[in-house]
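Inspection log for the structure reproduced underneath, given as C-alpha cells.
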Protein chains: 2
Amino acid sequence: MSVIQDLIAALGPGAVMTGNNVGARHRSDASLTGDTLPKAVLRPDSVDSLAEALRLCHRHGQSVVPQGGMTGLAGGANPRPDDIALSLERLTGIEEIDVQSGTMTVLAGTPLETAQQAARDAGFLLPIDLGARGSCQIGGVLSTNAGGIRVIRYGQTRDNVLGLEAVLADGTVLTSLNKAIKNNTGYDLRQLFIGSEGTLGVITRAVLRLRPLPVGRQTALCALQSYEDATRLLKSAQLELPGLSAFEIMWEDYFRFNEQAVGLRHFSETYPFIVIIETEGEEPDDDGLQDFLSARLDDGLILDALIAQSEKDRLGFWAVREGLEMDRLLPNLVNLDVSMAIGRLGTFAEDCGAALLARFPQAHVSFFGHVGDGNLHIAVSVPEANEADIGEISRIAYGFVRTYYGSISAEHGIGTLKRPYLSYSRSEAELELMRSIKAALDPKGILNPGKVI
Amino acid sequence: MSVIQDLIAALGPGAVMTGNNVGARHRSDASLTGDTLPKAVLRPDSVDSLAEALRLCHRHGQSVVPQGGMTGLAGGANPRPDDIALSLERLTGIEEIDVQSGTMTVLAGTPLETAQQAARDAGFLLPIDLGARGSCQIGGVLSTNAGGIRVIRYGQTRDNVLGLEAVLADGTVLTSLNKAIKNNTGYDLRQLFIGSEGTLGVITRAVLRLRPLPVGRQTALCALQSYEDATRLLKSAQLELPGLSAFEIMWEDYFRFNEQAVGLRHFSETYPFIVIIETEGEEPDDDGLQDFLSARLDDGLILDALIAQSEKDRLGFWAVREGLEMDRLLPNLVNLDVSMAIGRLGTFAEDCGAALLARFPQAHVSFFGHVGDGNLHIAVSVPEANEADIGEISRIAYGFVRTYYGSISAEHGIGTLKRPYLSYSRSEAELELMRSIKAALDPKGILNPGKVI
C-alpha cells in the first residue's frame with residue numbers, strides 16, 4: 001500500500017486531506033515564501049494517532065512538515081510538493097492548570113491567546129507572549145523558541161517550559177511532563193525540541209510555567225541623545241524598576257516614520273533615540289516609574305519623557321513601536337532580526353545602515369528592537385528591488401553580524417530563508433554537531449527536511 | 001607509545017601527574033564515596049592543551065573524568081582506577097566583564113566565589129550561587145546545572161548561561177561565546193553540555209549573564225499552620241514582593257533540631273512550618289516586606305513573623321536553614337534531593353516520612369527545601385544503619401517520588417550514586433534517547449564513563 005493509503009487506513013479518511021481538500025493555508029507561513037502545496041495534510045486528533053502517523057511515514061521514508069499556526073517568518077513550515085504536512089490544529093486543549101505549582105499543561109495545537117486567557121481566568125499570567133498570539137499555536141511557539149517583548153522580564157520561551165512531550169521521527173512518544181523548576185536527572189531533552197523547528201521531533205504537549213498576574217501597568221516614552229545613554233537607562237531601569245516588563249528602543253528614523261504612519265506626534269522636538277519602558281505590578285497611582293523618570297531627567301540621562309495617562313495613550317505609544325503600517329507603506333520590506341552584545345548594537349546599526357545606504361541610496365533603513373535582549377530588528381525597503389537585491393540586503397547585514405560576533409536570527413528562527421546564512425553565526429564544528437544530533441534522532445531524515453541545517 | 005607517554009610529550013611533564021604525585025583530593029567528590037585514585041591527573045593550562053589531551057585520549061580509547069572543585073554530592077567526578085582525571089584547576093580567570101551587555105566571560109576552572117566577587121567589583125550580581133561557592137568551579141557548576149536558593153528569582157543556572165565553549169570527546173573545540181539573551185540559530189547546543197555532568201563534552205569557557213547589583217536586603221522568618229498555607233504565602237509573595245530572592249521552607253522537626261544545634265530560639269511557641277523570606281533591592285528602611293507580613297498576619301495566613309533587625313539576626317535565621325551541624329550530630333546522614341509539583345510536596349512528605357519511620361522506627365527524618373522550585377530535601381539518619389539500609393532509604397523515598405511523578409534529583413545530579421534510580425524519574429524512551437545522544441557525541445564512550453546513563 002502507498003503511504004497515503006496506510007495513513008487513511010490508520011487515521012481514518014477524515015484525518016487525511018489530499019488533492020483539492022488541501023487548503024491554500026498549508027502552502028506558506030507568514031513569510032509568504034512558500035509556493036507549493038504538500039501532497040497531503042494529516043490532522044490527527046490525539047497524540048496516539050499522531051504517533052501512529054509518524055510510525056507509518058517513517059516506515060515509508062515519507063518526509064513530514066509539522067505545521068502550527070503558520071505565523072513563522074523564516075519559511076520553517078513551508079512544504080515541498082512531496083512532503084506531507086502534519087497539522088496540529090485538532091490537538092487542542094488546556095488539560096490542567098495546577099494553581100499550587102503555577103503550571104499549565106496544554107496540547108500543542110492550542111492557540112497561544114487561548115492559553116493566555118485560560119491562565120488569566122485562573123488568576124495567572126502565562127508570560128510567553130508575541131504579536132501573533134491570536135493565531136500562533138503553543139507547539140509552534142515552542143518549536144521556534146519564539147521571543148517577544150516580555151523576555152526581558154520572564155526569560156526566553158525555553159526558560160518557561162517545565163515539561164514536554166514530543167514524538168520522535170519513528171513514532172516513539174517521549175513524555176516528560178515535569179512540573180518542578182529544578183530537575184537534574186540526566187540530559188535536558190526538552191531543550192533539544194525547543195527551537196529546533198520540528199527537525200528533531202514533533203512537540204505534542206507542554207507543561208508551561210505560570211506567574212502571578214500583575215495587577216497594574218505603567219508605560220512611558222523616553223527621548224535620549226545616544227545609544228550609549230539607552231544602555232545606561234536600561235541598566236538603571238533593571239536595578240530600580242523591579243516590575244520592568246518591556247524596554248524597547250527605536251532609532252529616530254523608525255520612530256518618525258511610524259508616528260507619521262499612524263498619525264501621532266508625541267514630542268514637539270525630534271530626538272535621536274526613543275525608548276518605551278513598561279512596568280507591571282504597579283497600580284496607576286504608584287509613583288515608581290514617575291519617580292524613576294524624574295530622577296533620570298534631573299541627572300540628564302533622558303531628554304524628555306511622557307507617561308501614559310490612559311489606555312489610549314499607552315496604545316498610541318505601542319502603535320508606533322509595532323509599526324504595523326510599514327508593510328503597506330514601504331515596498332519590498334525586508335525585516336531582519338539579529339542579536340549581539342548589547343554594547344555593540346549602536347555601532348553595528350551605524351555601520352550596517354551606512355553600508356546599506358551606500359549600496360542602495362534609495363533605501364529606507366530603520367532600526368528598532370528589544371535592546372535588553374541584545375535583539376535588533378532592521379527594516380529595509382528598497383523601491384524596485386529584485387530578488388537578487390533582497391539577497392544582497394541580507395548578505396550585507398549578516399556580514400556585519402558576523403564581524404560583530406552576533407546572531408543572524410535572534411527570535412524568528414532559521415527555517416528555509418536563513419539556512420544559507422547559518423554559517424555566519426555558527427562555526428563548522430557547531431554545524432557538524434547539529435548534523436550528528438539530527439542523524440541520531442532522525443536517521444532517515446523525514447522530519448522537516450531542508451529546514452535549519 | 002602509551003597514552004601517558006603521549007600526554008607527557010604533548011602537554012609537558014608538569015601537566016601530567018602520575019603515581020605518588022596524584023593527590024588524595026582526586027579520589028572523591030564531597031559525597032566521599034570515591035575510593036580509588038585515577039591512574040593520572042591532567043592539568044592543562046589552556047583550552048588548546050586540553051583539546052590536545054582529549055584528542056590523544058580519544059585516539060587511545062582512554063577514559064577521562066573531568067574534575068572541578070570536587071564539591072558534587074552524586075559521585076559524578078569520582079574516578080575508577082583506569083581513568084585519567086582531567087582537572088580544570090589551571091584553566092582559570094575572568095576574561096571580560098562587558099558592562100553594557102551585562103555579561104562575564106570566564107574560564108571553567110575559576111572558583112564561583114572569585115567570579116561572584118569580580119562581578120560585584122564591577123557593580124553587578126552574578127546570580128548563580130550555592131553553598132559550595134568558595135571551592136566549586138564555574139565548569140562544575142555548569143556541567144551539573146547546580147541550583148541553590150536564588151533560582152526562584154534568577155532562574156536555573158542553565159538560564160544564566162548565554163555562551164559556552166566545550167571540547168568534545170575527540171578534541172574538537174566548540175566555541176559559541178554568544179552574549180545576547182535571544183539567539184535562535186539552530187539547535188541550542190549549550191543545553192547539551194549544561195547538566196550532562198561531563199559525559200558529552202568538557203566545558204572550558206562560558207559567557208554568564210549578570211544582573212544589576214541589589215542595594216539592600218530584608219529577611220524574615222514566618223510561622224505557618226500548614227503546607228497549603230505555605231504555598232498560598234509563596235503565591236502572594238511572588239505577586240507582591242518583586243524583589244523576592246529566597247523562599248525556603250522547614251518542617252517543624254527540621255527547624256527545632258537545627259535551632260537546638262546552633263543554640264538559637266526564635267519563637268516562644270512551636271509551629272508546624274517555618275518559612276524564610278528574603279527580598280533584595282530593599283533598603284533597611286523600606287517597608288515592603290514589613291507591610292506584606294503585616295497584611296498576612298491580619299488575614300491569618302501566617303501565625304507569627306520576625307524581621308531581621310541586623311546582619312546577626314539574618315545569619316541566625318540562615319544558620320537554622322543551613323543545618324550545618326546535622327552531619328556532625330546525626331549518624332549516617334542521608335540527604336536526598338527531590339522535586340515535584342509544588343502542590344504535591346506536602347502529602348509526599350507525610351507519606352514518605354511515615355513509610356521511612358515505619359521501616360526504621362529509630363530514624364530521624366526531617367524535611368526542608370526550596371519550595372518555590374518544587375525542590376525538597378529529605379534528611380534521614382538511622383543509627384547503626386548499614387549499606388543495605390542506606391540503599392533501602394533511597395528506594396523507599398524514590399518509590400514515592402515515582403508515585404508522585406517527581407524527580408529523584410532536583411539539583412545534585414545523577415553521577416554514580418543515583419544512576420541505579422534514574423528510571424524512577426525517566427521513561428525507557430527517554431533513557432534510550434539519552435543513550436543515542438551519548439553515542440552520537442562520544443562514540444568511544446571515553447567521557448566520564450559510568451556516570452549519569
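The values are calculated or read from the model by the stated rules, or taken from the named source; none is laboratory data. Predicted model, so just to flag it, every value in this text is computed and none were measured. So basically every Cβ, Gly included, is an ideal-geometry build from the backbone, and we count neighbours across all protein chains shown. Just so you know, the surface numbers come from the protein's heavy atoms only, side chains and all, with ligands and any DNA or RNA stripped out. Shrake-Rupley method; radii C 1.70, N 1.55, O 1.52, S 1.80 Å.
Is the C-alpha gyration tensor of the stretch A:31-73 telling us rounded, prolate or oblate? Criteria: a/c under 1.5 is rounded; beyond that, a/b larger than b/c is prolate, otherwise oblate.
Since a/c reaches 1.5 but b/c is at least a/b, the shape of the stretch A:31-73 is classed as oblate.
Using a label point 7 Å beyond Cα on the Cα-Cβ vector, give me the inter-copy distances for B:Gln225 in nanometres, one decimal, shortest first.
6.0
May I ask you to give the percent of accessible area on the stretch B:196-300 that is carbon plus sulfur, with a probe radius of 1.4 Å?
Percent of accessible area from carbon and sulfur atoms in the stretch B:196-300: 42.
For A:Leu357 and A:Arg120, compute 0.36 nm times the residue count separating them, minus their Cα-Cα distance, and round to one decimal in nm.
Full extension from A:Leu357 to A:Arg120 adds 80.7 nm.
Only counting protein heavy atoms at a 1.4 Å probe, give the residues of the stretch B:98-126, ordered by number, whose accessible area falls by 20 Å² or more when the other protein chains are present relative to the chain alone.
Those residues are B:Gln100, B:Ser101, B:Phe124.
Taking each label point as 7 Å beyond Cα in the direction of the beta carbon, state the distances from B:Ala388 to the same residue in the other copies, shortest first, in nm.
8.3
The stretch B:252-272 to the stretch B:205-233: how many Å between their Cα centroids?
21 Å
When Cβ neighbours within 10 Å are restricted to other protein chains, what is their mean count per residue of peptide B:406-415?
4
Give me the log10 of I(q) over I(0) for chain A at q = 0.09, 0.12 Å⁻¹, as the Debye formula computes it from C-alpha points; what are the numbers?
-0.62, -1.08
Using a 1.4 Å probe, what is the accessible area per residue for the stretch B:53-165, in Å²?
Solvent-accessible surface per residue comes out at 30 Å².
Figure the gain on full extension for A:Asp82 and A:Thr36 (residue separation times 0.36 nm, minus the Cα-Cα span) and round it to one decimal in nm.
Fully extending the segment from A:Asp82 to A:Thr36 adds 15.6 nm.
Using +1 at the Cβ of each Lys and Arg and -1 at the Cβ of each Asp and Glu in chain B, identify which of B:Val382, B:Met326, B:Leu11 lies farthest towards the dipole's positive end.
Final value for the positive-end residue is B:Leu11.
Averaged across the residues of B:430-441, what count of C-beta atoms belonging to other chains lies within 10 Å of each residue's C-beta?
Average per residue, whole number: 5.
Per residue of B:168-181, how many C-beta atoms from partner chains lie within 10 Å of its own C-beta, taken as a mean?
Taking the mean over all residues of the peptide, I get 6.
What is the helix-to-structure angle for B:112-121, meaning the angle in degrees between its Cα long axis and the longest Cα principal axis of chain B, kept from 0 to 90 and rounded to the nearest 10?
Roughly 70 degrees between the two axes.
Taking the Cα atoms of the stretch A:390-435, report the difference between the largest and smallest coordinate on each principal axis, in whole Å and largest first.
Taking max minus min along each principal axis of the Cα atoms, the stretch A:390-435 gives 29, 22, 18 Å.
For a quick size check, give me the Cα extents of the stretch B:246-404 along its three principal axes, largest first, whole Å.
Principal extents (Cα only, largest first): 54, 33, 28 Å.
Against the longest principal axis of chain A, how steep is helix A:345-359, in degrees 0 to 90 to the nearest 10, with axes from Cα atoms?
It is inclined by approximately 80 degrees.
I'd like the carbon and sulfur percentage of the solvent accessible area for the stretch A:39-99, probe radius 1.4 Å, heavy atoms only, ligands and nucleic acids excluded.
The value for the stretch A:39-99 is 44 percent carbon and sulfur by accessible area.
Order A:8-18, B:158-168, B:228-238 from most to least packed using the mean count of other Cβ atoms within 10 Å.
B:158-168, B:228-238, A:8-18
Quote the total accessible area buried by chains B and A together, excluding ligands, DNA and RNA, probe 1.4 Å, nearest 100 Å².
Using a 1.4 Å probe on protein heavy atoms, the buried area is about 6300 Å².
Please give the Cα centre distance for the stretch B:96-139 versus the stretch A:1-65, rounded to the nearest Å.
Computed from Cα coordinates, the inter-centre distance equals 50 Å.
In nm, to one decimal, how far is the modelled label at B:Leu333 from the one at B:Asp170, with both set 7 Å along Cα→Cβ?
Once both label points are built, they end up 4.7 nm from each other.
Order A:Tyr405, A:Tyr424 by their accessible area, 1.4 angstrom probe, all chains in place, largest first.
These residues rank, largest area first, as A:Tyr405, A:Tyr424.
How long are the three semi-axes of the equivalent ellipsoid of the stretch B:1-125, in whole Å, if each is the root of 5 times an eigenvalue of the C-alpha gyration tensor, listed from largest down?
Semi-axis lengths for the stretch B:1-125 are 30, 19, 11 Å.
Report, to the nearest 10°, how far helix B:288-298 tilts away from the longest principal axis of the Cα atoms in chain B, using its own Cα long axis and a range of 0 to 90°.
50 degrees
With every protein chain present, what is the per residue accessible area of the stretch A:343-453 (1.4 Å probe, Å²)?
The answer is 37 Å² per residue.
What gaps in nm, shortest first, separate A:Asp327 from its twins in the other copies when you place the label 7 Å past Cα toward the beta carbon?
Nearest to farthest, the other copies are at 6.0 nm.
Could you put B:Glu52, B:Glu240, A:Glu259 in order of accessible surface area, largest first, with the 1.4 Å probe and the full protein assembly present?
Per-residue accessible area, sorted high to low, gives B:Glu240, B:Glu52, A:Glu259.
To one decimal place, what Kirkwood hydrodynamic radius in Å is obtained for the stretch B:79-128 from all pairs of distinct Cα atoms?
12.2 Å
Answer rounded, prolate or oblate for the protein assembly as shown, using the Cα gyration tensor with square roots of eigenvalues a ≥ b ≥ c: rounded when a/c is under 1.5, else prolate when a/b is larger than b/c, else oblate.
Verdict is rounded for the protein assembly as shown.
How fast does the stretch B:161-300 diffuse by Stokes-Einstein, in µm²/s, taking the Kirkwood radius from C-alpha pairs at 20 °C and 1.002 mPa s?
114 µm²/s
Calculated FRET efficiency, A:Ser294 and A:Glu113, Cβ-Cβ r, R0 30 Å, to nearest 0.05?
0.25
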